[in-house]
1. Got the relative contact order for region 130-273 handy, in percent, Cα pairs under 8 Å and 6 or more residues apart?
2. Suppose we flag GluC sites (Glu not before Pro) only when DSSP calls them loop and at most 11 other Cβ atoms lie within 10 Å. Which is the longest uninterrupted stretch of the chain?
3. For a quick check: sort 130, 151, 200 by the number of other beta carbons within 10 angstrom, fewest at the front.
4. For the chain, what does the relative contact order come out to in percent, with C-alpha contacts under 8 Å and a separation of six or more?
5. I need the calculated FRET efficiency for the pair residue 23 and residue 240, taking r as the beta carbon distance and R₀ as 30 Å, to the nearest 0.05.
6. Pop the C-beta distance of residue 286 and residue 204 into the FRET formula with R0 = 25 Å and round what comes out to the nearest 0.05.
7. How large is the Kirkwood hydrodynamic radius of region 136-284, in angstrom, based on all distinct alpha carbon pairs?
8. Note down the relative contact order for region 6-122 as a percent, whole number, built from C-alpha pairs under 8 angstrom at least six residues apart.
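FYI, it's all coordinate maths here, none of it is from the lab. On a predicted model such as this, the values are computed, not experimentally measured, just so you know. Here the Cβ positions follow ideal geometry from the backbone for every residue, glycine too, while neighbour counts run over all protein chains shown.
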Amino acid sequence: MQELEKIWMNGELIDWADAKIHVGSHGLHYGSGVFEGIRAYETPKGSAVFRLTEHLQRLQNSARLLNMELPFTLEELRSASMKLIGANGVAECYLRPIAFFGYGELGVAATGNPVDVVIMSWPWGTYLGVDGFEKGIRAKISSWTRVGPNVIPHVAKATGIYLNSMLAVMEANRGGYDEAILLTDDGFIADGSGENVFIVKDGTIYTPDLAASILPGITRDTIIQIAEDLGYPVVQKQLIRTDLYLADEVFMTGTAAEVTPLREVDDQPIGAPGPITLKIQTAYLDTVRGKSERWSHWLEYASTERARAEA
Ligand SMILES: Cc1ncc(COP(=O)(O)O)c(C=O)c1O
């Protein structure tokens, strides 16, 4: 991780090295936190955070599902994110807001524990590698199933859930694959360890519906809208592993992974990134980098020197 100058912690910008918590923090022991992964991109009009408001709304929803009261409003977190980008001076970065039950009692119930809120930012390149981004990655169906709706609310981006993702991706990596695809308990396709899954078949795009133990990805929503706008029908439904094997194209989406093609699933070749995947990948990159007027409302500009000068 490339360290930058500042971290926003509980309302203040502090030096990177000073952003510390007590080892007795509840979140460390029980994974009782919620977080977001957001990207800011360099655009012709300066640093723009992609769908910041929607990410912060999801953070609020995640907190609500953990009975966690966030001590900051959405507007306060929005302005903190912008301030942090300005303070660190890196226009193109990844933003990581996290809220967790802090130091107090260490019973499993977090009632009464304070809630700490932190926002970090740092430069983060292509999540699954430049080669994978361009030529496609190799994925494997995981032996781990994705947490179900009655295990941990899967629509929450909760820290504890990522033990499930960590086990899956490390298992895949040990087997020589780039990423895991997790199924639901019933055997339907859910998510990658940090991505949503899309299949292209006969010109139609399919993706698991929101009830299939998936995280409601903001990139997923973006891609559905972009794809429909480009004229491709998008169907949200339950999918099974053989839909992947028989697909014309498969790709994964996420803030970190952006739009990453798959070239193999379970050693079954899908082939080079297909034309629809490439069209959507290009449209997504044009959108986040401010080259598309059509979706400009998704960009929230950070108040960097450049943006101020042009205002
Ligand atoms: C399990 C899982 N699914 C999907 C996604 C994609 O979500 P988004 O597009 O909002 O980054 C992520 C990443 O946050 C994730 O961790």
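1. That works out to 29 percent.
2. Working: sites that count: 3, 69.
In the chain, the maximal stretch lacking such sites is 70-311.
3. Fewest to most other Cβ atoms nearby, the residues stand as 130, 151, 200.
4. About 21 percent, as a whole number.
5. Numbers: r = 44 Å, r/R0 = 1.48.
My answer for the efficiency is 0.10.
6. That pair, residue 286 with residue 204, gives E of 0.65.
7. Working: mean 1/r = 0.0667 Å⁻¹.
Computed over Cα pairs of region 136-284, the Kirkwood hydrodynamic radius comes out at 15.0 Å.
8. 37 percent
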